[in-house]
Amino acid sequence: MNKEQLVNIRRELHQIPEPGFEEFKTQQYVKEKIAGMPQDFLTIEEWKTGLFVFVKGFEGHKTLGYRTDMDGLPIEENTSYSFRSQHEGMMHACGHDLHMTIALGILEHFAHNQPKDHLLFLFQPAEEGPGGAKPMLASDAFQRFKPDEMYALHIAPEYPAGTIATKPGLLFANTSELFIDLKGKGGHAAFPHTANDMVVAASHLVSQLQTIVGRNVDPLDSAVVTIGKISGGTKQNIIAETARLEGTIRTLSIDSMEKVKQRIRSLIGGIESGFDCEAFIDWGANYCQVYNNEELTQSFMDFSRERREVELVECSEAMTGEDFGYFLEDTPGVMFWLGADTPYGLHDARIEPSEAAIFTAVSHMIAFFSKNQ
Ligand SMILES: [Zn+2]
Ligand SMILES: [Zn+2]
């Protein structure tokens, strides 16, 4: 595909962001694009709102997997684009529109030029939640196509386009969502003694949660506990019967994740007895770490260093969550950051990733999957 075609695909996908496992239009769009390619080497299989596309290699000694995510986010877009999201309150604010475009660009090349090894393209739904990687990995189709190696990328706002950043070993942290519901006893604001105020309980809990990172995590390890949303009560003069905290936990080690969750359980136990209320915890979506295979990452980095078209950076690990980690627990592989040059971070309503990043990734991955041919 030429640059103009790639940009068009990206802009069309950008207009139809959908939530996890509701990527109906997106799936349809991707299917139509693939239907327009030569079919001789392709086997296409739908999986929920995603797709597997197998490309038969002419030698086929092994199968190389390449995964893209597909979902958008519940964010009201605030970009300067003329091709803004047409789905109110939804936005491709994490670059998954670019990721899909890149996958289609690579796939199209190999639909025309049969690869030596088999390739398996995974269009994976629900990366942002509730998590598509784990069930896709467990699916019959994945087990049947069974790649020997897995590759994926994520756009990185902080690097210029043309940059590829990765490292062997741990790349992304362990993450978990956190939802805490508190239930006490409501009442009239003038009769506090007859009620159990969940706004007060929730406030105490928020400050106590802050002590976990400072006091319970090994200073040489790293953890983040963030409460991003707090809600409760109904009206200014009514004592709140319920409150809800919503947050996220990130840790560099699987161990710390367990420790942090243990501490949250105890603190909540304290709140329950201290405020005579009930608390319910929901850990939501949990993403395991992204751990790059040492050997494959070294060889991917060596390959990238030699190509003048890209700038390779050896980065350090990040506190971002990515469900691609599940694939890497099962299959050795590599994930890398793709520079997309924008001042705004991932999930920011203003993010405008550089479309030049698409061209970099498409040509780089075509070259990588074609090496030794
Ligand atoms: Zn995201
Ligand atoms: Zn993402």
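The values are calculated or read from the model by the stated rules, or taken from the named source; none is laboratory data. Every value quoted in this text rests on a predicted model; they were computed, and no experiment measured them. Every residue, glycine as well, gets a Cβ built from its backbone with ideal geometry; the counts of neighbours run over all protein chains shown. For the accessible areas, the whole protein counts, side chains as well, though only heavy atoms, and no ligand, DNA or RNA atoms are used. Shrake-Rupley method; radii C 1.70, N 1.55, O 1.52, S 1.80 Å.
Heavy-atom surface analysis with a 1.4 Å probe gives region 9-130 a carbon and sulfur content of 46 percent of its accessible area. The angle separating the long axis of helix 356-370 from the principal Cα axis of greatest extent in the chain is about 60 degrees.
If a/c stays under 1.5 just call it rounded; otherwise compare a/b with b/c (prolate if a/b is bigger, oblate if not). Do that for region 245-326, with a ≥ b ≥ c from the square roots of the Cα gyration tensor eigenvalues. Note, shape of region 245-326 comes out prolate. Each principal axis of the Cα cloud of region 178-333 was evaluated for its coordinate range; sorted largest first, these ranges are 73, 29, 26 Å. The H on the amide N of F336, modeled in the peptide plane, is under 5 Å from the matching H of A152, L153, H154, each at least 5 residues off or on a different chain. Just to verify a number: FRET efficiency for T234 and E314, C-beta to C-beta distance, R0 = 56 Å, to 0.05? The value I calculate is 0.60. With the highest mean first, a sort of the peptides 115-126, 320-331, 283-294 on other beta-carbon atoms found within 10 angstrom per residue produces 115-126, 320-331, 283-294. Rolling a 1.4 angstrom probe over region 217-264 with all protein chains present gives an accessible area of which 52% lies on carbon and sulfur atoms. Each DSSP beta bridge with both residues in the chain is either parallel or antiparallel, and the antiparallel ones are about 65%.
Under 28 Å Cα-Cα from K56, which lysines qualify once same-chain neighbours fewer than 8 residues away are excluded? Within the straight-line cut-off, K56 pairs with K3, K25, K31, K33, K48, K116, K134, K146, K371.
Ranking Y29, Y344, Y66 from most to least accessible surface, computed with a 1.4 Å probe over the protein chains only, gives Y344, Y29, Y66. Using the Cβ of M37 as centre and a radius below 15 Å, the other residues enclosed give a net charge of 0, where K and R count +1 and D and E count -1.
Label point of A356 set 7 angstrom out along Cα-Cβ; within region 153-184, amide nitrogens under 18 Å from it belong to 155-165. Sort region 286-373 into rounded, prolate or oblate with this rule: let a ≥ b ≥ c be the square roots of the eigenvalues of the Cα gyration tensor; rounded if a/c is under 1.5, and if a/c is not under 1.5, prolate when a/b is larger than b/c, oblate otherwise. Oblate, because a/c is 1.5 or more while a/b does not exceed b/c.
The order of the peptides 31-44, 353-366 by mean Cβ neighbours within 10 Å, most packed first, is 353-366, 31-44. The Cα atoms of the chain define a convex hull whose projected area, averaged across directions, is 19.9 nm².
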